[in-house]
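Colleague: Before I ask anything, here is the structure I am working with.
The values are calculated or read from the model by the stated rules, or taken from the named source; none is laboratory data. All values reported here derive from a predicted model rather than from experimental measurement. With ideal geometry, Cβ positions are generated from the backbone for all residues, glycine too; neighbour counts draw on all protein chains shown. Surface areas here come from the heavy atoms of the whole protein model, side chains and all, with no ligands, DNA or RNA. Shrake-Rupley method; radii C 1.70, N 1.55, O 1.52, S 1.80 Å.
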Amino acid sequence: MSNHLSDRIKNMSTSATLAMAAKARELRNEGKDIIGLSLGEPDFNIPDFIKDAAKQAIDENYSSYTPVDGYADLKAAISNKFKRDNNLDYGLNQIVVSTGAKQSLFNVAMVILNPGDEVILPAPYWVSYSDIVKLAEGVPVEVKTEIETDFKMTPAQLEAAITPKTRMIWFSSPCNPSGSVYSEEELKGLAEVLKKHPDIYVVSDEIYEHINFAGGHVSIAGIDGMYDRTVTVNGVSKAFAMTGWRIGYIGAPEWIAKGCTKLQGQVTSGANAIAQRAVITALEAPVSKIQFMIDKFHERRDLVLGLLGEIEGFNLNVPEGAFYVFPDISAFFGKTLNGVTINNASDFSLYLLEYANVATVTGEAFGNPNCIRISYAASEKELKEAISRIKAVL
Ligand code: PMP
Ligand code: GLU
């Protein structure tokens, strides 16, 4: 059979996080004792009060297509959440519910970008950003940031990256993969640059907003002059451990929200009905209901930093949020370990998989080839065991 795979798909990279998770699963099925620290997915169960809401929704026969942009009462709950947590006023006509924040991001790229438009991605960035931008025929423009500045883009770096073709900036805070959190001052600095460029939009991915050990989360949409040019992306995968339920959402200027609704009307017809009903309950609950998860992530962050800090060759910053560490391991490049020569972060990550049976993700996939990403969304027992194995094989 001849293969007529489109150029679009041929040229696309496979999601490195999902590919590593699949590889770890495969090795586990072969009987290997793999510790998976590759996938960014909370290891907690969904809180019972959310599960109960889903069960109730099934019994109440929420089985039809939903409005394409989401149930009105879910959008009202999202609007209240934006006000309560972020002090942002988004009306129902500015909110679109999608099949995960991943789809929300894809929608926005498709709605705003024309072929050749540039999107600035402070690197390291979340793995899917660059391929989503490319699928929408945009051009990702990476802005390298350094571990010394906590992997944050400075106003000067932003200014230098802007060209007449720049249409958007995408970033996450707390950041996947670096765990960095932009302060209000830092966001104001970026906003100041953008004032001079009124046709550039910002995608602010805030899916880790609650997993923040540094203090208050700041939304860039709330900074002077930014509201009308920011898309605030969020979802329930991380805060409520609901990754498989696939609900994400945006708050955005109305024209962007309308474009996203038009697009998903042709692509998905809207997100899953039962999950949408359950998310109303999740978002209406006070943040205190999920504080136990945040506290656990904080403890684990400290544990992992302490243990990895004992390994010579690991250069670490202190991540203030999310549930990843992103050590620079370039000190190992050029070394041969157990007969394996480590030339780059991918070699290093594969070496850890094969010799320590620990799955991590290469930093190359996040736009930083000197680092690897380790997710600490795993039990303390697994984390201790994984790091002790890593230490042993290095
Ligand atoms: N943005 C970031 C920064 C993420 O880490 C993830 C993780 N999956 C997503 C978006 C997508 O989340 P969702 O599960 O809602 O699609
Ligand atoms: N966001 C998670 C991660 O970065 C989930 C995997 C994915 O959606 O790519 O690992």
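Colleague: Can Gly244 be described as away from ligand 2 (no atom under 16 Å from the Cβ) and of a type outside the set (S, T, N, Q)?
Modeller: no
Colleague: Go through (1) free of Cβ contacts under 8 Å to residues at least 24 places away in the same chain; (2) open to solvent by less than 40 Å² (accessible area, probe 1.4 Å); (3) not hydrophobic (A, V, I, L, M, F, W, C) and name the single condition Gly215 misses.
Modeller: Evaluating Gly215 over (1) free of Cβ contacts under 8 Å to residues at least 24 places away in the same chain; (2) open to solvent by less than 40 Å² (accessible area, probe 1.4 Å); (3) not hydrophobic (A, V, I, L, M, F, W, C) leaves (2) as the failure.
Table: residues versus (1) hydrophobic (A, V, I, L, M, F, W, C); (2) at negative phi; (3) touching a Leu at 6+ places or on another chain (Cβ under 7 Å).
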site: Val111; (1), (2), (3): yes, yes, yes
site: Pro122; (1), (2), (3): no, yes, no
site: Ile147; (1), (2), (3): yes, yes, no
site: Arg167; (1), (2), (3): no, yes, yes
site: Asp199; (1), (2), (3): no, yes, no
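Colleague: Taking only segment 335-394 into account, find how many residues are under 25 Å from the mean Cα position of the chain (by Cα), small (Gly, Ala, Ser), part of a helix (DSSP H, G or I) and farther than 21 Å from Ser128 by Cβ.
Modeller: So the answer is 1.
Colleague: While we're looking at this one, here's another question. Does Ile46 qualify as being touching a residue at least 12 places away in the same chain (Cβ under 8 Å), away from ligand 1 (no atom under 16 Å from the Cβ) and either buried (at least 18 other Cβ atoms within 10 Å of the Cβ) or closer than 18 Å to Asn357 by Cβ (or both)?
Modeller: Considered against the rule, which asks whether it is touching a residue at least 12 places away in the same chain (Cβ under 8 Å), away from ligand 1 (no atom under 16 Å from the Cβ) and either buried (at least 18 other Cβ atoms within 10 Å of the Cβ) or closer than 18 Å to Asn357 by Cβ (or both), Ile46 comes out as no.
Colleague: Further question: Can you name the residue in segment 64-77 that is outside any helix (DSSP H, G or I) and small (Gly, Ala, Ser) and is also nearest to ligand 1 (Cβ to nearest atom) among such residues?
Modeller: Per the criteria, the residue is Gly70.
Colleague: Would you mind stating whether Ala53 is within 16 Å of ligand 1 (Cβ to nearest atom) and among the small types (Gly, Ala, Ser)?
Modeller: no
Colleague: Another question, then. Limited to segment 166-205, what total is found for residues that are charged (D, E, K, R) and under 23 Å from Ser104 (Cα atoms)?
Modeller: 3
Colleague: Something else: If we scan segment 45-56, do we find a residue that is assigned to a loop (DSSP other than H, G, I, E, B), under 28 Å from Thr232 (Cα atoms) and among the aromatic types (Phe, Trp, Tyr)?
Modeller: No, segment 45-56 contains no residue that is assigned to a loop (DSSP other than H, G, I, E, B), under 28 Å from Thr232 (Cα atoms) and among the aromatic types (Phe, Trp, Tyr).
Colleague: Please tell me if Gln103 is modelled with pLDDT of 95 or more, open to solvent by less than 40 Å² (accessible area, probe 1.4 Å) and more than 16 Å from ligand 2 (Cβ to nearest atom).
Modeller: Here the answer is no, as Gln103 does not meet what is asked.
Colleague: A follow-up question, please. Go through the residues of segment 41-57 one by one and say whether even a single one is touching a strand residue (DSSP E or B) at 6+ places or on another chain (Cβ under 9 Å) and under 24 Å from Val96 (Cα atoms).
Modeller: yes
Colleague: If you go through segment 27-66, how many residues are acidic (Asp, Glu) and either within 16 Å of ligand 2 (Cβ to nearest atom) or under 20 Å from the mean Cα position of the chain (by Cα) (or both)?
Modeller: Residues meeting the conditions: 2.
Colleague: Which residue out of Asn80, Asn61 is farther than 30 Å from Cys371 by Cα and either among the aliphatic types (A, V, I, L, M) or assigned to a loop (DSSP other than H, G, I, E, B) (or both)?
Modeller: Within the list Asn80, Asn61, the selection yields Asn61.
Colleague: Would you mind stating whether Leu18 is part of a helix (DSSP H, G or I) and among the hydrophobic types (A, V, I, L, M, F, W, C)?
Modeller: yes
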